[in-house]
Amino acid sequence: MKYDVIIIGAGPGGIFSAYELTGLRPDLKIAVFEAGHPLEKRKCPIDGDKVKSCIRCKSCAIMNGFGGAGAFSDGKYNITNDFGGTLYEYIGRDKALELMHYVDGINCRFGGEGTKMYSTAGTDFRKICLQNKLTLLNASVRHLGTDINYIVLQNLYSELKDKAEFFFDTPVDSIEKTEGGFLVRHGEAVDECRYCIVSVGRSGSKWMQSVCGALQIPTKSNRVDLGVRVEIPSVIFDTITNELYESKIVYRTEKFEDNVRTFCMNPHGIVVNENTNGIVTVNGHSFEDESRKTDNTNFALLVAKHFSEPFKDSNEYGESIARLSNMLGGGVIVQRFGDLERGRRSTPRRIEEGNVRPTLAATPGDLSLVLPKRILDGIIEMIYALDRIAPGVANDDTLLYGVEVKFYNMEVALDENLETLHKGLFVIGDGSGVTHSLSHASASGVYVARHLVQHWENP
Ligand SMILES: Cc1cc2nc3c(=O)[nH]c(=O)nc-3n(C[C@H](O)[C@H](O)[C@H](O)COP(=O)(O)OP(=O)(O)OC[C@H]3O[C@@H](n4cnc5c(N)ncnc54)[C@H](O)[C@@H]3O)c2cc1C
């Protein structure tokens with residue numbers, strides 16, 4: 001065997017399995033294959049000037065490379081079993097929380113010390129939500145911020161680079177089962193290992209599907225979340241965000257009994273374009289650095305959609321809606337809530353005259369031409385529900401950007417050790433469909449690394 005363990009993907013799942021393995025068993029030969037670039041070479045060519053839209057780089061600097069999809073994210077590590085994945089269904093609730101706290105400790109040691117941890121424990125806000133037909137989900141959240149998140153990743157790479165062999169710009173093509181392990185093919189080369197940990201995230205979902213097909217590992221289709229990003233003056237939400245930073249609030253609509261939820265809150269943040277394989281959707285960022293804070297707060301309102309028969313591809317549905325908004329708006333569309341309610345498009349003038357200064361240059365338009373009625377009705381109901389706990393959310397000038405899409409991977413059939421039916425082949429992180437967040441993906445990496453070490457000593 002050339003390697004004891006090969007890890008595929010250097011996102012949080014891959015990084016934390018490498019961290020734990022190299023810490024517990026420095027004698028093991030470990031390789032990490034990553035399709036994207038090293039962290040310092042991850043630069044998206046879109047500069048809004050010479051390069052205005054996606055030029056489909058061989059490896060997308062936003063989604064691929066050391067740090068994975070979350071490298072330039074807001075770095076919110078939510079410690080909870082209430083959202084962010086279903087890791088607890090495999091390893092138990094207490095273990096999942098313990099591992100998320102363990103990951104938090106490492107992030108703090110590697111540059112995150114001094115950042116703030118927020119918690120919903122003991123807040124009066126839960127009662128206020130319930131009185132207004134809203135449910136506040138339980139969580140503690142470490143907010144690293146985009147800037148500190150990057151520093152933590154830099155420090156983790158410095159720690160790991162001499163302990164494991166990293167191969168960047170090396171997408172793995174296939175995995176084959178052998179007598180005593182696995183063959184991992186990449187380009188013209190092939191490497192053999194005893195154990196293989198696959199952590200390819202969202203961007204590796206199609207590849208994951210092909211691996212599962214080739215190795216006859218069963219899979220289940222997953223969901224897609226669709227909605228808008230809301231931008232309001234930060235004072236409207238300050239009482240909530242100052243205490244909780246990120247609150248996940250769920251509303252059950254009266255009309256259709258659908259659940260609409262808040263997602264990814266960015267107090268004093270900015271709205272940004274997100275480019276996934278050439279499809280432009282919307283997202284949000286915020287910064288720890290005071291000088292980069294804005295007067296606005298943004299968050300997403302999302303509705304989950306599942307498909308089963310005859311159409312199964314939930315992600316394709318989400319992509320089609322996003323493509324439609326790109327076709328109409330040339331990218332992301334922005335609309336004032338008042339214009340949406342009056343059934344008219346927003347115009348540059350109406351946006352200009354409003355009292356919320358957009359932090360993203362999007363195309364003024366009409367979101368009702370893009371989002372299905374049922375989803376849009378749910379979002380409008382939720383905006384009025386939020387207005388009861390934070391008056392001002394339903395103001396005419398509130399900005400809605402669309403569309404925001406959250407894609408999920410199909411679920412890979414795994415046992416309680418996150419191991420496939422092929423002993424020694426593990427699938428972790430978002431690529432497994434089990435996790436959808438930084439903390440769950442990282443925790444799954446630590447879990448499998450510990451399981452492997454134990455297995456080694458007591459096969
Ligand atoms: C803009 C943005 C903001 C986000 N913000 C947050 C947040 O604040 N909080 C939160 O909890 N979550 C956030 N998320 C989600 C979070 O980033 C993911 O849940 C997390 O990164 C999943 O980690 P992972 O290791 O499973 O996968 P990823 O981070 O996606 O890493 C997978 C890696 O595998 C590599 N790969 C794929 N296929 C192959 C292959 N065939 N061979 C080799 N390498 C391969 C990819 O290049 C990638 O680097 C955000 C995501 C995005 C896109």
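The table that follows gives values for the structure above.
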item	result
Condition broken by TYR401, with the remaining ones in (1) surrounded by fewer than 21 Cβ atoms within 10 Å (Cβ to Cβ); (2) touching a residue at least 60 places away in the same chain (Cβ under 8 Å) satisfied	(1)
Hits in the stretch 331-354 (condition: touching a strand residue (DSSP E or B) at 6+ places or on another chain (Cβ under 8 Å) and not in a helix (DSSP H, G or I))	GLY331, VAL332, ILE333, VAL334, GLN335, ARG336, ARG345, SER346, THR347, GLY354
Filter result for ASP27 (without any contact (Cβ under 8 Å) to a residue 60 or more places away in the chain and more than 14 Å from the ligand (Cβ to nearest atom))	yes
Number of the condition not met by GLU416 [criteria: (1) touching a Gly at 6+ places or on another chain (Cβ under 9 Å); (2) assigned to a helix (DSSP H, G or I)]	(2)
Segments classed as strands (runs of 3 or more DSSP E), wholly inside the stretch 269-329, with at least 3 members that are more than 12 Å from the ligand (Cβ to nearest atom) and surrounded by 18 or more Cβ atoms within 10 Å (Cβ to Cβ)	296-306
Residue count for the stretch 241-257, restricted to those that are surrounded by 19 or more Cβ atoms within 10 Å (Cβ to Cβ) and either within 17 Å of GLN131 (Cα to Cα) or of a type outside the set (S, T, N, Q) (or both)	8
Search result, residues across the stretch 72-115 that are part of a strand (DSSP E or B) and either more than 14 Å from the ligand (Cβ to nearest atom) or among the aromatic types (Phe, Trp, Tyr) (or both)	TYR77
Members of the stretch 173-204 that are of a type in the set (Lys, Arg) and within 8 Å of the ligand (Cβ to nearest atom)	ARG202
Leading residue by the ranking (nearest to the ligand (Cβ to nearest atom)) among those in the stretch 41-71 that are over 24 Å from MET327 (Cβ atoms) and aliphatic (A, V, I, L, M)	ALA69
Only one of SER140, SER158 that is closer than 30 Å to ARG292 by Cβ and crowded, with 17+ Cβ neighbours inside 10 Å	SER140
Residue within the stretch 48-70 that is touching a helix residue (DSSP H, G or I) at 6+ places or on another chain (Cβ under 9 Å), surrounded by fewer than 19 Cβ atoms within 10 Å (Cβ to Cβ) and in contact (Cβ under 8 Å) with a residue 40 or more places away in the chain present	no
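Read the figures in this text as sums done on the coordinates, not as results from a lab. What you see is a predicted model; the values in this text were computed from it and never measured. Neighbour counts are summed over all protein chains in view; Cβ atoms, including those assigned to glycine, are modelled from backbone coordinates with ideal geometry.
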